[in-house]
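A short worksheet on the structure shown next.
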Amino acid sequence: MTTTPRWRALTHHHLFWPVAVLVLLLLVNVPFTPDFFSIRMTDGHLYGSLVSIVLFGSPLILVAVGMTLVIATGGIDLSVGAVVAITGALACSYLSDQTDQGALSGVLLAMALGLAAAAVCGLWNGFLVARMGIQPIIATLIIMVAGRGVAQLITDGQIITVNSEPYKLIGGGYWLTLPFSIFVVAAVVAVTVALTRRTALGLLVESVGGNAEASRLVGIRSRRIKIMVYVFCALCAGIAGLMISSNTSAADGNNAGLWIELDAILAVVIGGTSLLGGRFSVGGTVVGALVIQTLTTTIYTIGVPTQTNLVFKAAVVIVVCLLQSPKFRAKVFGARRSGAKGGGTPDTSPADAAPAPEAAPRMEVS
Amino acid sequence: MSTTTQSPTTPEARTPGRTARLLGDRRLPVLVTAGLFLVMYVVGLSRYQNYGFAEPQVFMNLFIDNGYLLVAAVGATFVILSGGIDLSVGSVIGFTTMFTAWLVERQGLPIVVVIPMALAVGAFGGFLMGYVIHNFEIQPFIVTLAGLFLFRGLCLVISKESISIGDASVSSMAQTQVSLGGAFLSIGAVVALVVLAVAIYVLHFTRFGRRVYAIGGNEQSALLMGLPQGGTKIAVYTVSGFCSALAGLLFTLYIQSGDPLHATGMELDAIAAVVIGGTLLTGGSGYVLGTLFGVLVLGLIKSIIQFEGTLSSWWTKIATGVLLCVFILVQRAMTSRRT
């Protein structure tokens, strides 16, 4: 295979590998479900595999986008899953106490309450990391451990169900033929991209991630940036929490957003953002989150027992990480002159395992 | 019975001279945790005096009920001391319960054969993760995260449903009591204490132990000093995998079933125990004995909540979180004083 300059430029683009994996995963579906890419209109709503991938993946995209900025500052936020649970629990428990659950004001207040709680969690994380100088993994571990307890405390260990039309809209409703959550995600992503790439904010975040002390000496308020980033991440998690609880019309302090932090970190890594900080790509993260969701969907559609979901996920993580590791690439492709494609080679890992159960899409559509 | 609580017989105590004060400082977190454990125990004694809290068996139950956590936390201590992190602990434990239950119940293998197999699988898993971490320079966080997914997935591959173990030799092993005066320990607790003793020896009295500290303290310096850094790193994750598998076996004995969802999130408990025990998550500083106290404190919280009766189980999580927070802040205050 001749490596023309254009091809090389393409493969060296930071989005190349994530997008390649995504496209590959999408194509895998075609032999099994020939109408995989078709989107049809029923009852004025668009339906189709692609739509549902985005719909189910939207909480993950939100959390992952927030996580991207945190990771860009060289941090990590493990508490997002707990924040998802707290937000949903608080919003639903407030809503379920209302006499008229359908009232718009009540719903807005419930959402504001949930997001406020999320922001408090974010502030706390930011405070610990930026002011107290504690390692991000540990600082956010606190809320990760305690947060689920708090969420269960709020819901009193029960699963609180709500019956509210306006609340249902965020996670399960439709608007302009598309699921409403897609618009929420699009808005959040657009705002994030605009803020980070159209203003200096993104640059500041990257410089803090590159070297916090140097940034401070240059005159960047690196502490403030860090706190801001954690609050933003928690808010994103909060919105995701509202979405998940609204989709199921229930708040489950124990299981809502379980392991979403791991999926989100995974999405960020697949998207090409280095865990060391200093560089980030929101677009890559969105693609990464879609890869994870597509993987889940693919496992369903190709008829592999759903139990293997996690094994596949592990295989994909390893493959993607290996592909991104410069050392691995040097070892495997090095002989063949900055090799072009060859994603198949490292696939030897554990993918040949058998079936097992688990893991439906994160949200059940009702 | 509380003789175990005060004996930080660490080798550094012998090192004389100027460093003595510094090292004294290093031991402080362990002492704080031990002190906290004592205070909690005394409070428990005075509060539930009439409910049998003073029974020696209540104290022994801390070991019986948390033996598996102790073993897992000891494994995590190795990894954390070397500056890494292992998120796969809970999954490996879950997988081991499943694997053991499946082999014993469905395949009819004797437990004596199954135990080495399970340990080998765990250790091999750890070895693989260490190999990838070292050779391809991928962050431990991500690699062990993949391990978490993989082992939890393999649990589900074995079976979706939980498998209860009815094997006679297993249940007799689980019910064996090692009598100690007025109280008894289970086999699991004894194994856990043995693991603890071995870990103390290995970390504080062998060359391998010093290497673990050196790499955790400053990888670059360790490399320049010519320490075989790669081997140590891989070994550390292998130890952690082995300990997780052993913890899984103890957990199987304790609970006598395999379930694909067993021990979900136990890596957090293990890491929390290590941190509460005074080991710095940045690596290079801490004691295995501290981990013991960390586990005991977590266990005591659970028993106090049981004795309290009216408190719901989620208070355990909240209390753990609060304790974690306090200890992290204390550690922070101490390290900033030292530098």
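For the range A:121-132, filtering for residues that are within 25 Å of A:Ala91 (Cα to Cα), surrounded by fewer than 24 Cβ atoms within 10 Å (Cβ to Cβ) and touching a residue at least 24 places away in the same chain (Cβ under 8 Å) leaves 2.
Filtering A:Ile220, A:Ile159, A:Ile225 for residues that are within 22 Å of the chain's Cα centre (by Cα) and among the aliphatic types (A, V, I, L, M) leaves a single hit, A:Ile225. Scanning the range A:216-228 for residues that are under 14 Å from A:Ala200 (Cα atoms) and either in contact with a His (Cβ under 9 Å, 6 or more places away or on another chain) or part of a helix (DSSP H, G or I) (or both) turns up A:Ser222, A:Ile225. In the range A:252-271, the residues that are under 28 Å from A:Ser96 (Cβ atoms) and more than 8 Å from chain B (Cβ to nearest Cβ) reach residues that are part of a loop (DSSP other than H, G, I, E, B) and at pLDDT 85 or above with C-beta atoms within less than 6 angstrom, at least six apart or across chains, in these pairs: A:Glu261/A:Leu78. Among the residues of the range B:255-270, those that are more than 15 Å from B:Leu323 (Cα to Cα), of a type outside the set (Asp, Glu) and not in a loop (DSSP other than H, G, I, E, B) comprise B:Ile255, B:Ser257, B:Gly258, B:Met266.
A:Ala139 passes every criterion in (1) crowded, with 23+ Cβ neighbours inside 10 Å; (2) in contact (Cβ under 8 Å) with a residue 60 or more places away in the chain; (3) within 13 Å of another protein chain (Cβ to nearest Cβ) apart from (2). When B:Phe307 is tested against the conditions (1) surrounded by fewer than 24 Cβ atoms within 10 Å (Cβ to Cβ); (2) assigned to a helix (DSSP H, G or I); (3) within 13 Å of chain A (Cβ to nearest Cβ), the lone failure is (3). When restricted to residues that are over 25 Å from B:Leu268 (Cα atoms) and in contact with a helix residue (DSSP H, G or I) (Cβ under 8 Å, 6 or more places away or on another chain), the range B:73-111 contains 6.
Candidates B:Ala222, B:Ala273: the one that is within 14 Å of chain A (Cβ to nearest Cβ) and assigned to a helix (DSSP H, G or I) is B:Ala273. Of the residues that make up the range B:80-87, is at least one in a helix (DSSP H, G or I) and at pLDDT 90 or above? Looking for residues that are in a helix (DSSP H, G or I) and at pLDDT 90 or above, one finds at least one in the range B:80-87, hence yes.
Screening B:Thr252 with (1) surrounded by 24 or more Cβ atoms within 10 Å (Cβ to Cβ); (2) in a loop (DSSP other than H, G, I, E, B); (3) over 14 Å from the mean Cα position of the chain (by Cα) gives one miss only, at (2). Taking the listed residues B:Val143, B:Val198, the one that is surrounded by 17 or more Cβ atoms within 10 Å (Cβ to Cβ) and at pLDDT 85 or above is B:Val143, with no other qualifying.
Is the range A:171-188 home to any residue that is surrounded by fewer than 19 Cβ atoms within 10 Å (Cβ to Cβ), modelled with pLDDT under 85 and within 14 Å of another protein chain (Cβ to nearest Cβ)? No; the residues of the range A:171-188 include none that is surrounded by fewer than 19 Cβ atoms within 10 Å (Cβ to Cβ), modelled with pLDDT under 85 and within 14 Å of another protein chain (Cβ to nearest Cβ).
Of all residues in the range A:145-161, those satisfying the criterion of being within 7 Å of chain B (Cβ to nearest Cβ) and part of a helix (DSSP H, G or I) are A:Val145, A:Ala146, A:Arg148, A:Gly149, A:Val150, A:Gln152, A:Leu153. Among the residues of the range B:160-171, those identified as crowded, with 19+ Cβ neighbours inside 10 Å and closer than 15 Å to B:Gly94 by Cα are B:Ile163, B:Ile165. Could you please give the count of residues in the range B:265-315 that are in contact with an Asp or Glu (Cβ under 9 Å, 6 or more places away or on another chain) and of a type in the set (S, T, N, Q)? Residues flagged as in contact with an Asp or Glu (Cβ under 9 Å, 6 or more places away or on another chain) and of a type in the set (S, T, N, Q) within the range B:265-315 amount to 2. Looking across the range A:34-49, the residues that are touching a residue at least 24 places away in the same chain (Cβ under 8 Å) and either in contact with a Lys or Arg (Cβ under 7 Å, 6 or more places away or on another chain) or crowded, with 16+ Cβ neighbours inside 10 Å (or both) come down to A:Phe36, A:Leu46, A:Ser49. Here B:Met334 clears all of (1) crowded, with 24+ Cβ neighbours inside 10 Å; (2) in contact (Cβ under 8 Å) with a residue 40 or more places away in the chain except the condition numbered (1).
Looking at A:Thr42, A:Thr11, just one residue is under 19 Å from A:Phe280 (Cα atoms) and at pLDDT below 75, and that residue is A:Thr11. A search for C-beta distances below 8 Å between a residue of the range B:219-243 that is more than 23 Å from B:Ser88 (Cα to Cα) and any residue that is aliphatic (A, V, I, L, M) and surrounded by 19 or more Cβ atoms within 10 Å (Cβ to Cβ), counting only pairs 6+ apart in sequence or on different chains, returns B:Ser221/B:Ala214; B:Ala222/B:Ala214; B:Ala222/B:Ile215; B:Met225/B:Ala214; B:Leu227/B:Ala214; B:Leu227/B:Ile215.
Residue check: B:Leu298 meets all listed conditions (1) surrounded by fewer than 18 Cβ atoms within 10 Å (Cβ to Cβ); (2) within 11 Å of chain A (Cβ to nearest Cβ); (3) touching a Ser or Thr at 6+ places or on another chain (Cβ under 7 Å) but one, namely (1). Considered as a group, the residues in the range B:225-252 that are touching a helix residue (DSSP H, G or I) at 6+ places or on another chain (Cβ under 8 Å) and over 19 Å from B:Val74 (Cα atoms) include one that is nearest to the other protein chains (Cβ to nearest Cβ), and that residue is B:Gly230. Among the residues making up the range B:61-104, those that are buried (at least 24 other Cβ atoms within 10 Å of the Cβ), farther than 24 Å from B:Gly278 by Cβ and within 14 Å of chain A (Cβ to nearest Cβ) are B:Ser91, B:Val92, B:Gly94, B:Phe95, B:Met98, B:Phe99.
The values are calculated or read from the model by the stated rules, or taken from the named source; none is laboratory data. This structure is a prediction, so every number in the text was calculated from the model and none was measured. Cβ: placed from backbone, ideal geometry, glycine included. Neighbour counts: every protein chain shown.
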